[in-house]
1. Restricting attention to segment 52-102, which residues are aliphatic (A, V, I, L, M), under 30 Å from PHE301 (Cα atoms) and over 24 Å from the mean Cα position of the chain (by Cα)?
2. Scanning for something crowded, with 18+ Cβ neighbours inside 10 Å, outside the structural domain of LYS292 (by the TED database), charged (D, E, K, R) and touching a Pro at 6+ places or on another chain (Cβ under 6 Å), does segment 16-24 turn up at least one residue?
3. Out of all the residues in segment 94-110, is one or more of a type in the set (Gly, Ala, Ser), surrounded by 18 or more Cβ atoms within 10 Å (Cβ to Cβ), touching a His at 6+ places or on another chain (Cβ under 6 Å) and closer than 24 Å to ALA263 by Cβ?
4. Which one of these does LEU271 not meet: (1) in contact (Cβ under 8 Å) with a residue 12 or more places away in the chain; (2) touching a helix residue (DSSP H, G or I) at 6+ places or on another chain (Cβ under 9 Å); (3) more than 18 Å from PHE127 (Cβ to Cβ)?
5. For segment 24-41, which positions are outside any strand (DSSP E or B) and either under 22 Å from THR83 (Cα atoms) or touching a residue at least 60 places away in the same chain (Cβ under 8 Å) (or both)?
6. Of all residues in segment 116-139, which are over 21 Å from ASN253 (Cα atoms) and modelled with pLDDT under 95?
7. Would you point out the residue of segment 286-300, among those that are touching a residue at least 60 places away in the same chain (Cβ under 8 Å) and surrounded by 15 or more Cβ atoms within 10 Å (Cβ to Cβ), that is farthest from the chain's Cα centre (by Cα)?
8. Quick one: which helices (runs of 4 or more DSSP H) sit completely within segment 194-296 and have at least 2 residues that are at pLDDT 90 or above?
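The values are calculated or read from the model by the stated rules, or taken from the named source; none is laboratory data. Treat the numbers as computed from the prediction; the structure is a model and nothing was measured. Glycine also receives a Cβ, built like all others from the backbone with ideal geometry; neighbour counts cover every protein chain displayed.
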Amino acid sequence: MNSRDLMDISPGVILLEEAGEILESHVLVAMGPRTKQLIMIGDHKQLRPKINNYSLSVEKESGYDLNRSLFERHVGSEYPHCTLAKQHRMVPEISCLVRNLTYTDLMDGDRTLNRPEVRGLQDRVIFIDHTHPEDTFREVSDRYDAGTKGSKRNTFGPQLVLKIVRYIGQQGYGTNKLVVLTPYLGQLHLLREELRKDSDPVLNDLDSYDLVRAGLISQASAQHTKRPIRLSTIDNYHGEESDVVIATLTRSNGDGEIGFMSAPQRLNVLLSRARDVLIMFGNSQTFKQSRKGQDIWIPLFDQLQANGLLYDGLPVRCEQHPQRKAVLREINYFEKLCPDGGRQQACGTKLNCGLHDCPQKCHQLSDHSKMQCRKIIEWTCSRDHPLHDHAFSNKIYALAATKKTKKPNGDGSEIWNSMLRGRLN
């Protein structure tokens, strides 16, 4: 819609959704001579409107303040307004973070209480602290990081992200339940490249891997419904939410340089996207040493420390054996300590053949009734011909069920059940 169309319509009432993200000039253009009421809904404590020239921004402190919305200006000048006091998204363990930093009077709605426990993790909020250094990706730059030639990235981030995503998938969370966030385009590019190169079957089909393995859907059906893992920058995920949020903060240096991550609005958005689980990892010392950002980051880390949520790895627990816990401090710990999403001991559950145990390590899947046994059964017919088949085949079911000494096959051979029973073990 262009300005001429707006003038022809000449609306009497204008309703602005996400008013804190709309430039004041865009609002003024929409208003006509017949406009009598302007209704603005938004949050001036989250991200400001996007502009391409950093030197004109509020953050530059040059006085132009082009990205200060009409909504923020009115609220900041104590213009009469109403503030919603109850949130219905975040569990209390997450909402307390934004309450202590931004919304001091925020209350939790009933729907945020008594939700099912998070599967496979020891806490709902986790910060993994590391010291792996960042570098610069010079092929792209971030519009809000003034003075930098390129975008920041951290090669350690994608490796850990993929391991965590894989583990979360093993707990039964599909791609529609999680998102991976990062502040920087350089890190987003690195994440996408690593995911594209990775051939892990769980990562390649997070939604259907367990269902195919359990025999509940076919491989063809899984391919038809396959959905990619959602990767996004924090800024582009504004206004959205997910059950599980995994965030790589990227910055890690000895100078306390965190660029646009010093903005309280961006931290507020990051902390308020998750409904049930928030996993962050980065270098806490870099953020606490930031000259511009320490006022918001130090209180956050103090709160995380007080609640015992700062780790040097991913704190996990086995769903089938909750008393078994571990902290996965190295990339290879994921495969070593919980290869299938639980402890390293064998699952031990009988498969639908009724003869063999599940060959996997302990995992989240509890119903094995349709999981096909892949063991090859060998036996000898009455003419000493070697035969073999999968344990889940109809022929084997018939053999295992028969009580007779021998059973005609219809092709001239006879299968000796006593011999079969001897080979099954």
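1. VAL58, VAL75, LEU84, ALA85
2. For segment 16-24, residues crowded, with 18+ Cβ neighbours inside 10 Å, outside the structural domain of LYS292 (by the TED database), charged (D, E, K, R) and touching a Pro at 6+ places or on another chain (Cβ under 6 Å): present.
3. Among the residues of segment 94-110, not one is of a type in the set (Gly, Ala, Ser), surrounded by 18 or more Cβ atoms within 10 Å (Cβ to Cβ), touching a His at 6+ places or on another chain (Cβ under 6 Å) and closer than 24 Å to ALA263 by Cβ, which makes the answer no.
4. (3)
5. Scanning segment 24-41 gives GLU24, VAL27.
6. Correct list: PRO116, GLU117, VAL118, ARG119, GLY120.
7. Per the criteria, the residue is ILE296.
8. 264-271, 284-288
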